[in-house]
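This report refers to the structure that appears directly beneath it.
The values are calculated or read from the model by the stated rules, or taken from the named source; none is laboratory data. Nothing here was measured: the structure is a model prediction, and the numbers come from that model. Don't worry about glycine lacking a Cβ; one is built from the backbone with ideal geometry, like all the others, and counts go over all protein chains shown.
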């Protein structure tokens, strides 16, 4: 087999030149390396040609943030297209809560009279549709956040809409008291949020 490290390296460079992301090239490298290791074990080749190669380094880009006008445009568009995750976006923007914390956020964590919420858990998903409620990664992760009037009104409206959904789903609803659950009451997934968010950005 005439597959040398220099040729493999040129192949990686070509993939990146053609527009593939660093992650895609890294996955290609990992897959090829595993296959070549197996070929070595079978005695088909003497050494793994992936040894000594390096995947192209990702370009360092500066993180960009939306300004106030862009945030207003984002939320307005979410409302206009009827995005069901509008309350989640609103809370994320106005509280800084992490995605896993928003997924694990429960109605019991809201103090309506004081206008505060408590962040005290996050959700982690595993293979096979399994999930677990976990404490925040650090002690500072457990915190109390004061909400503004509009944020509280947004949550109240969302609660009424969710109660209508629960009545429609009936006995199939999983009672976990989640603020932003899936369509049956279980914790929603990050992939579902990303899918909806991509549609929002396109709009």
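Here are some notes:
- The listed residue being at negative phi and modelled with pLDDT under 95, out of 132, 151: 132
- Scanning region 111-130 for residues that are surrounded by 15 or more Cβ atoms within 10 Å (Cβ to Cβ) and touching a residue at least 24 places away in the same chain (Cβ under 8 Å) turns up 117, 118, 119, 122, 123, 125.
- Residue in region 44-63 that is free of Cβ contacts under 8 Å to residues at least 40 places away in the same chain, under 30 Å from residue 131 (Cα atoms) and out of contact with any helix residue (DSSP H, G or I) (no Cβ under 9 Å at 6 or more places or on another chain) present: no
- Among the residues making up region 172-200, those that are in contact (Cβ under 8 Å) with a residue 12 or more places away in the chain and either in a helix (DSSP H, G or I) or not assigned by TED's automatic domain parsing to the domain that holds residue 85 (or both) are 172, 190, 193, 196, 197, 199, 200.
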